[in-house]
Amino acid sequence: MVLDTLTKALASGSVRVVDLTHTLDPDFPVIVLPAEFGQCARFRMDEVSAYDHRGPAWKWHNISMSEHTGTHFDAPIHWVTGRDVPNGATDAIDPVAFVGPVCVIDCSAGAAADEDFTLEPTHIEEWEARHGPIPAGAWVLMRTDWSHRQGAEYLNLRKDGAHSPGPSPAAVRALLDRGIIGFGSECVGTDAGQAAHFDPPYPAHAMLHGAGKYGLQCLRNLDALPPTGAVLICPPLKIRGGTGSPLRVLALVEASA
Ligand code: 23J
Ligand code: MN
């Protein structure tokens, strides 16, 4: 009954499918770590044939990239804190995690005023006062409109590293206390650009993955989502032992009455 209602609503347009994914493209920025560390590979596409002598009736490409290139999913084993989480790799996560309710916290005004804006517990409490409690099992997405930025403005690298918004350690703690299943960001990582200097460093990665939770990065179109009521669909590729993967992220959104 529920699914019949859903498919009819999709057909009539009263439930819309919103694409939260950036296009995989060699020019899309990837995270840049300090030079002493290994680096993330950009997306690459090589033509194998194009209806030619290499394959007269078909066109196809070989592709390569990092697990953490473009719009992508972070699995618990991505971080050392989550290395022993049961079923913490992309091929082993219970797929029920890939479909769920989504809460969107609008931080766009704060991020416009301060490129190092941090989501704090007070913002979460203010959001809940207006929209109700964040339910256990929810995905929480931090809207910053950072996805509107182009080129070098997206990573926003300076001599002292990247400057982009993200959650404070206390905010990650507050989200874990509510029993969320994952946290997503429009920025290149779930953590703020300066999060190496937080305590603990990289709190979104360290605390979420240590608790067996998931991350989404490089999201877009969060400005097309309501604060509550949408359904997120985010299944990563089933990479054996994978720490994450590029994916298509969709949201089902009810047309406002
Ligand atoms: C490796 C090291 C630090 C970070 C990241 C990866 C990511 O943001 C990622 O893509 O998961 S902060
Ligand atoms: Mn990642």
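What follows is calculated from the coordinates using simple rules that are stated; it is not laboratory data. Not measured: the values here are computed from a predicted model. Glycine also receives a Cβ, built like all others from the backbone with ideal geometry; neighbour counts cover every protein chain displayed.
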Original post:
Hey, what number do you get for the chain at 222 nm if only DSSP H runs of n ≥ 4 count, each worth -39500 (n - 2.57), divided across all residues, to the nearest 500?
Top reply: -4500 deg cm²/dmol
Original post:
³J(HN,Hα) across the stretch 201-208 via Karplus (A = 6.51, B = -1.76, C = 1.60, θ = phi - 60°), whole Hz, x for Gly/Pro?
Top reply: x, 6, x, 5, 5, 5, 7, 5
**OP:** Go from 0 up to the bin containing the longest alpha carbon distance in the stretch 128-226, width 10 Å each, and give me the % of pairs per bin.
**Re:** 16, 47, 31, 6, 0
**OP:** Give the Cα extents of the chain along the principal axes, in whole Å, largest first.
**Re:** 64, 55, 38
Original post:
What shape does the stretch 1-62 have by the C-alpha gyration tensor, where a ≥ b ≥ c are the square roots of the eigenvalues, rounded means a/c under 1.5, and otherwise prolate means a/b greater than b/c and oblate the rest?
Top reply: oblate
Original post:
Going 7 Å from the Cα of GLN39 in the Cα-to-Cβ direction, what parts of the stretch 51-81 have a backbone nitrogen less than 18 Å from that spot?
Top reply: 64-70
Original post:
Near ASP74, within a Cβ-to-Cβ distance under 14 Å, what is the net charge of the other residues, with Lys and Arg +1 and Asp and Glu -1?
Top reply: 0
**OP:** Starting at the first residue of the stretch 56-67, write each ³J(HN,Hα) from the Karplus equation 6.51 cos²θ - 1.76 cosθ + 1.60 with θ = phi - 60°, in whole Hz, x for Gly and Pro.
**Re:** x, 10, 8, 10, 7, 10, 9, 10, 8, 4, 6, 4
**OP:** Return, for the Cα atoms of the stretch 9-161, the radius of gyration and Dmax in Å, separated by a comma.
**Re:** 20.0, 64
Original post:
FRET efficiency for ALA109 and LEU10, Cβ-Cβ distance as r, R0 = 41 Å, nearest 0.05?
Top reply: 0.80
**OP:** Mind listing the long-range amide H neighbours of LEU216? Cut-off is under 5 Å, sequence gap 5 or more, other chains count too, H placed in the peptide plane at 1.01 Å from N.
**Re:** ASP74, PHE183, GLY184, SER185
**OP:** Calculate the spin-label point distance for ASP116 paired with THR228, positioning each point 7 Å from the Cα along the beta-carbon direction, and give it in nanometres.
**Re:** 3.4 nm
Subject >> Value of relative contact order over the chain, rounded to a whole percent, pairs C-alpha under 8 Å and six or more apart >> reply: 30 percent
Original post:
Rounded to the nearest 5, what % of the DSSP beta bridges within the chain are antiparallel ones?
Top reply: 65 percent
Original post:
Residues with beta-carbon under 10 Å from that of GLY244, excluding GLY244: net charge, scoring Lys, Arg +1 and Asp, Glu -1?
Top reply: -2
Original post:
Excluding same-chain residues fewer than 8 positions from LYS238, which lysines have a Cα within less than 19 Å of its Cα?
Top reply: LYS213
Original post:
Between GLU254 and ALA152, what length comes free when the chain is fully extended (0.36 nm per residue of separation minus the Cα-Cα distance, one decimal in nm)?
Top reply: 33.2 nm
**OP:** Output ³J(HN,Hα) for the stretch 225-242: one whole-Hz value per residue in order, computed from phi by the Karplus curve 6.51 cos²θ - 1.76 cosθ + 1.60 with θ = phi - 60°, and x for Gly and Pro.
**Re:** 9, x, x, 9, x, 7, 10, 8, 10, 8, x, x, 4, 8, 7, 4, x, x
Subject >> Per-residue Cβ neighbour rank within 10 angstrom, fewest leading, GLU120, GLU254, GLU186 >> reply: GLU254, GLU120, GLU186
**OP:** Name the long-range amide H neighbours of GLY137: under 5 Å, sequence gap of 5 or more, or other chain; modelled H, no Pro or chain starts.
**Re:** ILE180, ILE181
**OP:** For the stretch 61-108, run through the chymotrypsin sites (Phe, Trp or Tyr not before Pro) and keep only the ones in DSSP coil with at most 13 other Cβ atoms within 10 Å of their Cβ.
**Re:** none
Original post:
When only Cα pairs under 8 Å and 6 or more residues apart are kept, what is the percent relative contact order across the stretch 143-230?
Top reply: 34 percent
